[in-house]
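Participant: Provided herewith is a single structure, encoded as structure tokens, for subsequent inquiry.
The values are calculated or read from the model by the stated rules, or taken from the named source; none is laboratory data. Being a predicted model, the structure only gives us computed values, none of them experimental. Positions of Cβ are backbone-derived with ideal geometry, glycine not excepted, and every protein chain shown enters the neighbour counts.
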Amino acid sequence: MAKLRLDIVTAERLVYSDDVDVLVAPGIEGELGILPRHAPLLTALTVGELRIRKEGQETYFAIGGGFLEVRPNRVIVLADVAERAEEIDQARAEAARQRAQERLARGLPPADAAAAIAALHRATLRLRVARRRARRSGPAIV
């Protein structure tokens, strides 16, 4: 089966680089599914979950927006922020979610409320991605 070369890069580091079967990314107009031999494409990404499937195994990332470029059998994701599910500290993400909710409950000016809503969205995403991995890697049911 044909593979697709995927590189996920942030300003700080190369987050992921490998050949994969499928990539699903959070495009600004909805999820994008990318398979080998996909047509060339350049699009913006939004805050969301990026999923990779390789040989039947799925890997999850929380990304904070960026760009995705598809070339012949190669995809480059230039992300503002990207974290593997296993890198996410759930306690820290939960604390950030609670702080954002408390800030919103206080009734903030519009600019501050927008920042709190964005923080709440990021923290909720990080928790969802981390919990999805925890469910997938839990004990096997026989």
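Listed here are the residues, each with its yes/no results for (1) closer than 24 Å to residue 28 by Cα; (2) surrounded by 13 or more Cβ atoms within 10 Å (Cβ to Cβ); (3) at pLDDT below 85; (4) hydrophobic (A, V, I, L, M, F, W, C).
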residue	(1), (2), (3), (4)
48	yes, yes, no, no
59	yes, yes, no, no
62	yes, yes, no, yes
66	yes, yes, no, no
76	yes, yes, no, yes
83	yes, yes, no, no
98	no, no, no, no
107	no, no, yes, no
124	yes, yes, yes, no
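Participant: Right, here's the next one. Output the number of residues of the range 17-46 satisfying the condition of being within 25 Å of residue 119 (Cβ to Cβ) and buried (at least 18 other Cβ atoms within 10 Å of the Cβ).
Facilitator: The qualifying residues number 3.
Participant: Inspect all residues belonging to the range 73-83 and state whether any of them is over 29 Å from residue 43 (Cα atoms) and assigned to a loop (DSSP other than H, G, I, E, B).
Facilitator: Among the residues of the range 73-83, not one is over 29 Å from residue 43 (Cα atoms) and assigned to a loop (DSSP other than H, G, I, E, B), which makes the answer no.
Participant: Turning to a different aspect of this structure: Under 9 Å between Cβ atoms, at least 6 apart or on separate chains: pull out the pairs that start in the range 1-23 with a residue that is farther than 17 Å from residue 85 by Cβ and end on any residue that is of a type in the set (Phe, Trp, Tyr).
Facilitator: 7/16; 9/16
Participant: Another question, if that's okay. For a quick check of your reading of the model, give me the residue pairs whose first member lies in the range 30-47 and is on the phi > 0 side of the Ramachandran plot, whose second is assigned to a strand (DSSP E or B) and surrounded by 11 or more Cβ atoms within 10 Å (Cβ to Cβ), with beta-carbon atoms closer than 9 Å and at least 6 apart or on different chains.
Facilitator: 37/4
Participant: Inside the range 13-63, can you point out the residues that are acidic (Asp, Glu) and either in contact with a His (Cβ under 9 Å, 6 or more places away or on another chain) or part of a strand (DSSP E or B) (or both)?
Facilitator: Passing the criteria: 18, 19, 31, 49, 58.
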